[in-house]
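Peer 1: Submitted below is the structure of interest, expressed as structure tokens.
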Amino acid sequence: LLALVDVNNFYCSCERVFDPRLQGVPVVVLSNNDGCVIARSNEAKAAGVAMAVPVFKVRELIHSHGMKVFSSNYALYGDMSRRAMSVIAQFSPNTEQYSIDECFADLEGMSHVDLRQYGQEIRARVLQWTGLPVCVGIGSTKTLAKLANLFAKKRPEFSGVCHLASMPQVRLDALMDDTPTGAIWGIGQKTAPKLKELGINNARQLRDAPASQLCERFGVVVERTSRELGGVSCFDLEDQPQPRKQIVVSRSFGERLTKLEDLLAALMNHIERAAEKLRAQDCLADHLQVFVHTSLFNPNEPRYANSINVRVPTLTNDCRVLADAACAGLRSIFRPGFRYTKIGVMLPELVPQGMAQGQLFEDSEQGASLMRTVDAINLRMGRGSVSLAGAMAKTGWKMKQGNLSPRYTTRWVDLVSVRA
Ligand SMILES: [Mg+2]
């Protein structure tokens, strides 16, 4: 058996942990640059704020319902995610983090335990230790655990824990009858209407459809999803999520940039992030790609887009070495007179540290130890505490974050103060 533990309205819940006045108040969180709605509390959903809608389209709604609006605070969300996952890991010897706020937990060998009770214990401990509300779905396959989690979240009668494997068959059938195929994990928005043409409208019909027909029409993933709904496990719990094969860091600017020095500063920030990711997965890189472009949508402005691949003199994850190469690349593709909206860097191939041939440079151990220190300080004190001098922003290239909440958990000055 597997459990899927998922934080309810994760970003909004993170904001609420540190500001109890937000309880019961509709909350929305915006994407980078405050562009679109990417998270909504239940109250905001009920008020009619759609997912991914540009914020200007719902200004009126936000105003009339007294909604609280936040810029995305990834320093906070990332740290809260780490905390929640570490609590969940106490309940199972084998877990797989599936997204920033979801985790599969293996419940193999726990048949003697009352799993509904166990699920309630998970909820209680995550809530008490992190302040985050979660729901728990339990099933014999990943797809069923996902489905159970959906029921746990949407149907109050489950009190946040739904255990499909302990449910009488008629009850399970009725719940599946009530679940449109588009709500099932692995069934995309394009597949659902095509299933409908075959008369497959809900989870039960998909479960009971002939496997060979599904495979022929929709491919192996849909067929496996159908089997999983029937309790045949087709998607294994991975011991470890696949390491990333490449790293891309890019960002649109809050406003347009015209000066080379501003672009260089932005690029160096991206390099720091990319190098940090590289080190986090114990990899090295010996080439990178830098890309820049102007707005691709505004026909009234001169357009320019370019990219360049740059060789780095050695396999490295040292941000100083990578920054030198990236900046040289940018200088060669930068053209004055354009208003740039985006710059990015890609490390297209990652070499695991153990596979690298002997280091050529004597100072590499010194560099590695410096990078470890930089990572340790930035982890404790907040990203950017130690930074390349060139990455310090001189002007307004930084993201628009008009409603950013404090970094409650990763910066001392942002700690919540309590008066008694
Ligand atoms: Mg969630």
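Peer 1: Quick one: dipole size for the range 1-125, taken about the Cα centre, charges +1 on Lys/Arg Cβ and -1 on Asp/Glu Cβ, in debye to the nearest 20.
Peer 2: I would put it at about 480 debye.
Peer 1: Let me ask something additional. Determine which aspartates and glutamates satisfy two conditions relative to residue 45: a Cα distance under 17 Å, and not lying fewer than 8 residues away in the same chain.
Peer 2: Counting by Cα, and skipping residues close in sequence, residue 45 has these aspartates and glutamates nearby: 15, 60.
Peer 1: If the reach is capped at under 12 angstrom between alpha carbons, list the aspartates and glutamates near residue 153, excluding any in the same chain fewer than eight residues apart.
Peer 2: 6
Peer 1: Helix 142-154 versus the longest principal axis of the chain: what is the Cα-based angle in degrees, 0 to 90, to the nearest 10?
Peer 2: Taking Cα atoms only, the helix is inclined about 80 degrees.
Peer 1: How much accessible area does residue 338 have with a 1.4 Å probe, in Å² rounded to the nearest 10?
Peer 2: So the heavy atoms of residue 338 present about 40 Å² to solvent.
Peer 1: To test your reading of the geometry: what angle, between 0 and 90 degrees and rounded to tens, separates the Cα axis of helix 364-381 from the longest principal axis of the chain?
Peer 2: Tilt of helix 364-381: around 60 degrees.
Peer 1: Calculated from DSSP H runs of 4 or more alone, at -39500 (n - 2.57) each and per residue, what is the 222 nm mean residue ellipticity of the chain, nearest 500?
Peer 2: -11500 deg cm²/dmol
Peer 1: Here is a further query. With +1 on each Lys and Arg Cβ and -1 on each Asp and Glu Cβ, and nothing else charged, work out how big the dipole of the chain is about its Cα centre, in Debye to the nearest 20.
Peer 2: Dipole size: approximately 1420 debye.
Peer 1: Under a GNM of the chain (C-alpha, springs under 10 Å), which listed residue has the highest mean-square fluctuation: 41, 295, 212?
Peer 2: 212
Peer 1: Give the percent of DSSP beta bridges with both residues in the range 1-99 that are antiparallel, rounded to the nearest 5.
Peer 2: Of those bridges, close to 50 percent are antiparallel.
Peer 1: While we're here: Calculate how many DSSP beta bridges within the chain are antiparallel, expressed in % of all such bridges and rounded to the nearest 5.
Peer 2: Beta bridges within the chain, antiparallel portion: roughly 85 percent.
Peer 1: Where does helix 220-229 land angle-wise versus the long Cα axis of the chain, in degrees 0 to 90, nearest 10?
Peer 2: Its long axis makes an angle of about 50 degrees.
Peer 1: Continuing with this model, one more query. Given the options 75, 305, 44, state which has the largest fluctuation in a GNM of the chain using a 10 Å cut-off (strictly under) for Cα springs.
Peer 2: Answer for the Gaussian network model of the chain: 305.
Peer 1: Using only Cα atoms, locate the centre of the range 97-140 and the centre of the range 248-286, then give the distance between them in Å, rounded to an integer.
Peer 2: The distance from the Cα centre of the range 97-140 to that of the range 248-286 comes to 37 Å.
Peer 1: Where does the longest stretch of the chain lie that holds no trypsin sites (Lys or Arg not before Pro) found in a DSSP loop with 10 or fewer other Cβ atoms within 10 Å?
Peer 2: That gives 1-189 as the longest site-free run.
The values are calculated or read from the model by the stated rules, or taken from the named source; none is laboratory data. Note that this is a predicted model, so its numbers are computed, not measured. Using ideal geometry, Cβ is built from the backbone for each residue, glycine included, and neighbour counts are taken over all protein chains shown. Accessible surface areas use protein heavy atoms only, side chains included; no ligands, DNA or RNA. Shrake-Rupley method; radii C 1.70, N 1.55, O 1.52, S 1.80 Å.
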